[in-house]
Amino acid sequence: MNALDPSLAQRLKEAAGPGGWSEDRQVIAPHLSEWRGRWVGETPLLLRPAATQTVARILSICNETLTPIVPQGGNTGLVGGQIPTRGEVLLSLQRMNRIRALSPEDNTLVAEAGVVLANAQKAAGDAGRLFPLSLAAEGSCTIGGNVSTNAGGVNVLRYGMMRDLVLGLEVVLANGHVLDVMRGLRKDNTGYDLKQLFIGAEGTLGIVTAAMVKLFPKPAGYTTALTALSDVSVAVELLNRLQEATGGLVSAFELIQRRALDLVIEHIPGTLDPFPGHAGWTVLIEVSNPAAFDATEALEQALARGVEEGMAVDAVFAKTPRDREGLWRLREAIPEAQRKAGASIANDISVPASRIPDFIRIAEDAVRKVLPEARAFTFGHAGDGNLHFAVQAPGHDAALLAARGAIERAVQDETQKLGGSISAEHGLGLAKNEAIARYRSAEEIELMRALKRTLDPNNILNPGKLLPAG
């Protein structure tokens with residue numbers, strides 16, 4: 001649909017209310033392109049509701065008139081799930097940006113879908129608590145998008161994915177009914193855990209309008225170190241030793257291939273090479289210290305033993321907050337450096353942590369068989385087995401992009417052989433919705449379709465995303 005019936009458009013505008021809609025091409029344009037430019041969408045109407053009941057009225061009209069609609073949070077998704085590529089109505093949740101409640105006693109926070117993640121973090125921090133979800137886009141991604149994509153980030157090792165952090169949801173169903181499962185109990189065995197249906201569903205089963213999330217004690221401080229490894233094969237053993245030494249307090253364990261680190265040093269101003277002459281892998285380690293225990297000495301001793309035993313080559317510790325920021329910049333700037341370096345094919349996979357070295361070896365071989373000039377620039381959350389396996393071919397951008405399908409298929413096939421997942425934290429969206437049929441059983445795909453038919457029988461919610469056609 002490239003145009004709306006004028007009477008239908010008027011009904012949707014009235015439902016959205018004053019300031020709740022736009023047909024201005026300049027206003028709409030930023031919502032139609034994801035940050036890597038792979039998908040550019042189109043829509044006849046942008047709706048910007050400010051309240052749950054407004055969303056309910058909009059969906060009721062869309063369901064009645066069989067009008068497809070695409071929900072969008074901060075537009076930071078990496079698989080196209082938030083882009084209206086078929087001319088659907090676009091529903092932005094950004095005006096729903098209130099923090100409704102925060103209870104330090106219950107360690108809970110209730111945020112509307114449009115609350116920016118960094119603002120939720122700050123609200124928790126101001127109350128002496130921690131909301132641990134942390135990712136590169138936290139200054140613009142939103143809580144609703146985090147829920148709908150089951151966001152992960154750098155602290156999954158200690159605190160879990162968004163699925164582990166959600167205690168309750170408010171969701172508007174396709175028919176406009178509001179489902180309130182916001183009880184917030186840690187224990188509730190009264191039937192199916194309905195909120196879990198909508199976490200990671202990418203807006204295909206209902207539109208999340210608010211979430212109750214878990215808070216944690218605010219760390220007294222952080223111990224952060226960057227370590228040069230003797231070989232990638234020792235990474236998981238080193239992590240296990242660090243967990244033993246700190247009593248399981250390691251919150252981040254980020255693996256960085258030398259190629260990826262070199263890109264950052266070359267393309268990101270103000271970054272310095274922490275290990276000149278070291279051509280191997282590095283790992284960024286962070287411990288969140290409770291008030292009663294500073295893990296710095298334990299971490300230093302464990303890494304020193306690692307150096308003595310040949311597992312590690314060297315290590316640098318952050319002595320100040322500025323040092324910590326500088327070490328994290330080396331990790332977080334990798335995607336930006338890759339964009340500056342040329343065309344890139346991103347792969348977000350997970351394998352059992354013990355199989356990371358095997359995956360890197362066989363996936364690199366598979367990619368070179370497709371395109372001999374291709375090289376992987378790997379980094380990611382080694383503690384939970386999630387790697388970002390980015391492929392570039394310096395000087396051969398056109399050939400790389402022409403081979404995108406074959407390269408993605410090769411990486412996904414090798415991931416499957418190791419018992420992994422072709423999407424660890426970014427979701428399926430448009431990028432992998434057809435590929436998933438190769439790696440999930442027919443029974444699983446049919447059950448997902450059955451859920452879709454039950455909750456969205458008219459297929460108005462983000463059609464064409466997440467599930468394969470058919």
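A short reminder: the numbers here are calculations on the coordinates, not readings from a lab. Note that the coordinates shown come from a computational prediction; the quantities given were computed from them, not determined experimentally. Every residue, glycine among them, receives a Cβ derived from its backbone with ideal geometry; neighbour counts consider all protein chains shown.
Brief remarks on what is shown
- Nearest-20 debye value, the chain charge dipole, Cβ charges on Lys, Arg, Asp, Glu: 840
- Over the range 6-92: Kirkwood hydrodynamic radius from C-alpha pairwise inverse distances, Å: 13.0
- As a size descriptor, the averaged projected area of the C-alpha convex hull of the range 221-332 was calculated at 6.5 nm².
- Efficiency of FRET between E373 and V40 - r from beta-carbon atoms, R0 30 angstrom, step 0.05: 0.60
- Per-residue HN-Hα couplings for the range 60-71 [Karplus 6.51, -1.76, 1.60; θ = phi - 60°; Hz; x = Gly/Pro]: 4, 5, 4, 5, 4, 9, 6, 9, x, 9, 10, x
- Theoretical FRET efficiency, 1/(1+(r/R0)^6), r = Cβ-Cβ of R183 and E64, R0 41 Å, to 0.05: 0.85
- Largest first and in whole Å, the equivalent-ellipsoid semi-axes of the range 169-298 read 40, 22, 14, each the square root of five times a Cα gyration tensor eigenvalue.
- Scattering profile of the range 342-422 at q = 0.16 Å⁻¹ [log10 I(q)/I(0), Debye over alpha-carbon scatterers]: -0.51
- Between N97 and T85, residue separation times 0.36 nm minus the direct Cα-Cα distance comes to 1.7 nm.
- With N as its number of residues, the chain has a Cα radius of gyration that, divided by 2.2 N^0.38 Å, comes to 1.00.
- Volume per residue that the Cα convex hull of the range 287-337 spans, once the total is divided by residue count, Å³: 104
- T320 paired with V307, simple spin-label distance in nm, labels 7 Å along Cα-to-beta-carbon: 2.2
- P(r) histogram, all alpha-carbon pairs of the range 49-161 included - 10 Å bins from 0, percent: 14, 40, 31, 13, 2
- Taking the helices alone, the chain has a mean residue ellipticity at 222 nm of -10000 deg cm²/dmol, built from -39,500 (n - 2.57) per DSSP H run of at least 4 residues and averaged over all its residues.
- Relative protection proxy for 16-22, 441-447, from highest mean packing down: 16-22, 441-447 (other beta-carbon atoms within 10 angstrom).
- Computed Kirkwood radius, in angstrom, where 1/r is averaged over Cα pairs of the range 266-370: 16.9
- For the range 99-217, alpha-carbon Rg relative to the globular expectation (2.2 N^0.38 Å, N residues): 0.98
- Virtual spin-label span in nm between R339 and Y439, 7 Å along Cα→Cβ: 2.4
- Net +/- balance of residues flanking R98 in space, Cβ distance below 13 Å, scoring K and R +1, D and E -1: 0
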